[in-house]
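The values are calculated or read from the model by the stated rules, or taken from the named source; none is laboratory data. Treat the numbers as computed from the prediction; the structure is a model and nothing was measured. Here the Cβ positions follow ideal geometry from the backbone for every residue, glycine too, while neighbour counts run over all protein chains shown. Only protein heavy atoms, including side chains, enter the accessible area calculation; ligands, DNA and RNA are left aside. Shrake-Rupley method; radii C 1.70, N 1.55, O 1.52, S 1.80 Å.
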Amino acid sequence: SQQGEEDPQALSIQEGENATMNCSYKTSINNLQWYRQNSGRGLVHLILIRSNEREKHSGRLRVTLDTSKKSSSLLITASRAADTASYFCATDLSSNYKLTFGKGTLLTVNP
Amino acid sequence: DGGITQSPKYLFRKEGQNVTLSCEQNLNHDAMYWYRQDPGQGLRLIYYSQIVNDFQKGDIAEGYSVSREKKESFPLTVTSAQKNPTAFYLCASSQRTGGFTGELFFGEGSRLTVL
């Protein structure tokens, strides 16, 4: 079964609005990463948050991590049509040296 | 330009044929990975390699084989034993770091269709 599960599966918003995606996981992690995938393309790394961090920012992205709830959220502020893509969380389990991906959230930003 | 190159981008195969997908990286990364993606699904790990001449099975290794003879190359063979090989295949690499998996760099993928 998937280690990470994103919620919602799909999200449609207007340009300028904020988009929030959530990720839940099941076991202890070293870190959690968020990736973006445009249709038919490879994944692009967005941000990595370690298990001892609670919040991280990168440009219009804000990621939070709550290890007690085993969950993370990705916030994209002031969204643009170019943000339309699928967003995946991936967890790095302790002593595993591999990432386990969720099924992703499909974000559509309407102009 | 550093990066990961996958080829071919599109591949058609007849049932019963083996096919090999190429993955080359010039990032000097030790670790390389193969993932499979089905429509509307996440990525599932097929094989991964942390160092040359060594690799491990992922979650769905049956019907696939790999080799890691060179640091920069990690080819994936989809054998006739793979029951449902039609999928999008993604190769990735990362730098080995002490105790955790860092950022993965992905290729643009290879789409395999079985006719």
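Within the range B:57-65, identify whether any single residue is among the aliphatic types (A, V, I, L, M), out of contact with any Lys or Arg (no Cβ under 6 Å at 6 or more places or on another chain), within 14 Å of chain A (Cβ to nearest Cβ) and within 23 Å of A:LEU32 (Cα to Cα), and answer yes or no. Walk me through how you get there before you give the answer.
Let us first name the residues in the range B:57-65 that are among the aliphatic types (A, V, I, L, M), namely B:60-61.
Filter once more, so that each one left must be out of contact with any Lys or Arg (no Cβ under 6 Å at 6 or more places or on another chain): B:61.
In the following step, the residues that additionally are within 14 Å of chain A (Cβ to nearest Cβ) were identified as B:61.
Pick out the ones that are also within 23 Å of A:LEU32 (Cα to Cα) and you get none.
Scanning the range B:57-65, I find no residue that is among the aliphatic types (A, V, I, L, M), out of contact with any Lys or Arg (no Cβ under 6 Å at 6 or more places or on another chain), within 14 Å of chain A (Cβ to nearest Cβ) and within 23 Å of A:LEU32 (Cα to Cα), so the answer is no.
How many residues, within the range A:1-31, are among the aliphatic types (A, V, I, L, M) and within 11 Å of chain B (Cβ to nearest Cβ)?
2
Limited to the range A:7-21, what total is found for residues that are of a type outside the set (Val, Ile, Thr) and open to solvent by 60 Å² or more (accessible area, probe 1.4 Å)?
So the answer is 8.
Give, as residue ranges, the strands (runs of 3 or more DSSP E) completely inside the range A:31-99 that count at least 1 residues that are surrounded by fewer than 20 Cβ atoms within 10 Å (Cβ to Cβ), of a type in the set (Gly, Ala, Ser) and without any contact (Cβ under 8 Å) to a residue 24 or more places away in the chain.
Qualifying strands (runs of 3 or more DSSP E): A:55-58.
Can you tell me which condition B:THR20 does not meet? The list is (1) in contact (Cβ under 8 Å) with a residue 40 or more places away in the chain; (2) in contact with a strand residue (DSSP E or B) (Cβ under 6 Å, 6 or more places away or on another chain); (3) part of a loop (DSSP other than H, G, I, E, B); (4) not hydrophobic (A, V, I, L, M, F, W, C), and all the others hold.
The one condition B:THR20 does not meet is (3).
Restricting to the range B:24-70, what's the tally of residues that are within 19 Å of B:THR5 (Cβ to Cβ) and assigned to a loop (DSSP other than H, G, I, E, B)?
Selection size over the range B:24-70: 9.
How many of the residues making up the range B:71-89 are surrounded by 14 or more Cβ atoms within 10 Å (Cβ to Cβ) and assigned to a loop (DSSP other than H, G, I, E, B)? Give the derivation first.
To start, the set of residues in the range B:71-89 that are surrounded by 14 or more Cβ atoms within 10 Å (Cβ to Cβ) comprises B:71-80, B:82, B:85-89.
Filter once more, keeping what is assigned to a loop (DSSP other than H, G, I, E, B): B:71-72, B:74-75, B:79-80, B:82, B:85-86.
Total satisfying the criteria: 9.
Looking at B:GLU103, is it open to solvent by 10 Å² or more (accessible area, probe 1.4 Å), free of Cβ contacts under 8 Å to residues at least 60 places away in the same chain, out of contact with any helix residue (DSSP H, G or I) (no Cβ under 9 Å at 6 or more places or on another chain) and away from chain A (no Cβ under 13 Å)?
No: the conditions fail for B:GLU103.
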